[in-house]
2 protein chains.
Amino acid sequence: MSYEELVFDVFARNCTSRPVMDTVAGRWGILSMAALLGGTHRFNELRRRVDGVSEKMLSQTLHALERDGLVLRTVQSTIPPRVEYSLTDTGRRIATKLMELIDLVESEMPGISAAQARYDAL
Amino acid sequence: MSYEELVFDVFARNCTSRPVMDTVAGRWGILSMAALLGGTHRFNELRRRVDGVSEKMLSQTLHALERDGLVLRTVQSTIPPRVEYSLTDTGRRIATKLMELIDLVESEMPGISAAQARYDAL
DNA sequence: CGGTATCCGAGTTGATACTG
DNA sequence: CAGTATCAACTCGGATACCG
């Protein structure tokens, strides 16, 4: 099936999948989902794992992923509270594909020579 | 190989691949690369295909992808000028993976129930 | 045609402080 | 611990004008 035949056309401005793609494929969405591939994690574990994310962005990202049915949030109302995040079945399928993308990009880095220069310029 | 063993760790704040991931996985990066999977395209063809992108963002995205060695830009100095964009080998491998991600997300949409609500709220 | 340059408002991001 | 609230900075994205 070539991409021209898709019924739900991502190329269309109003495609339903666009908001989902924006969350999933965004910088923190990718890294959060990839981190959860390693298993269930608590909020601050994720925060340490996903280096550089702010509390606000992690919270926002996780809530969006939960609304989309990709991440499951489990609360234990103890003191101190314990909140655990894990992937749903759908989430795990998507996270696996994201991990493949990450692995591919990293393996292709030698062919992405200018990347370091762009990074340095920041 | 589990993701914990990666030498170039995407989870690290200063990982070289992050700027590349940001471009590739960004909204317009994904759609531009996916569009180019269909073959070589001219600027305005891409602009029409990637519905909703402005000239500025498309230009910016294509230049970033070119710098990263994922997209090839070919100029024919005729009048009117003809500029064609195509994928490099590295670009094609990554674009193929992106297309798999798009297809997967679209096929999983039934399990992403809240997505439409989020879209409507915009 | 295929852009670049500039402006500007709106939205996003992140550091910090604070809460239950 | 697990966030929310707030605010300042920054970026995005569109509109417009112009160039080769």
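Of note:
- For a straight C-alpha distance cut-off of 20 angstrom, the lysines reachable from A:Lys97 (same-chain residues fewer than eight places away being disregarded) are B:Lys97.
- Other protein chain Cβ atoms within 10 Å, averaged over every residue that makes up B:74-86: 0
- Highest mobility in the GNM of chain B, judged by mean-square fluctuation with C-alpha springs under 10 Å and restricted to B:Val20, B:Val50, B:Val105, is found for B:Val105.
- Working from the Cα coordinates of the protein assembly as shown, the gyration tensor eigenvalues give, after taking √(5λ), semi-axes of 32, 21, 15 Å in decreasing order.
- Calculated FRET value between B:Ser54 and A:Arg42, using beta carbons and R₀ = 41 Å, to 0.05: 0.50
- On the basis of the beta-carbon distance and an R0 of 30 Å, B:Ser86 and B:Arg13 show a calculated FRET efficiency of 0.35.
- Selected from B:Leu87, B:Leu104, B:Leu72 as most flexible by GNM, with chain B as the system and alpha-carbon contacts under 10 Å: B:Leu104
- When chain A is turned onto chain B, the axis of that turn runs closest to one Cβ of chain A, and that residue with its distance in whole Å is A:Ala25, 2.
- Global form of chain A, assessed from the alpha-carbon gyration tensor, a/c cut-off 1.5: oblate
- Database remark: amide H of B:Leu87 closer than 5 angstrom to the amide H of B:Leu72 (H placed geometrically; neighbours at sequence offset of 5 or more, or on other chains; Pro and chain starts carry no H).
- Peptide A:92-104 shows a mean partner chain C-beta count of 5 within 10 Å per residue C-beta.
- Build a GNM of chain A with springs between Cα atoms under 10 Å apart, and of A:Arg47, A:Arg73, A:Arg82 the one that fluctuates most is A:Arg82.
- The helix-based estimate of mean residue ellipticity at 222 nm for chain A, built from -39,500 (n - 2.57) per DSSP H run of four or more residues and divided by its residue count, is -16000 deg cm²/dmol to the nearest 500.
- Segment B:26-41 and segment A:27-85 have Cα centres spaced 30 Å apart.
- Sorted from nearest, the other copies put their A:Ser54 label points 2.3 nm away, the label point being 7 Å from Cα in the direction of Cβ.
- Across segment B:58-70, rounded Karplus estimates of 3J(HN,Hα) from the backbone phi angles (6.51 cos²θ - 1.76 cosθ + 1.60, θ = phi - 60°) give 5, 4, 4, 5, 5, 5, 5, 5, 5, 4, 7, x, 9 Hz, Gly and Pro being marked x.
Computed from the coordinates by the stated procedures, all read-outs in this text should not be read as laboratory data. Fair warning: this is a prediction, and the values are worked out from it, not measured in the lab. FYI the Cβ positions are ideal-geometry reconstructions off the backbone, even for glycines, and counts take in every protein chain you see.
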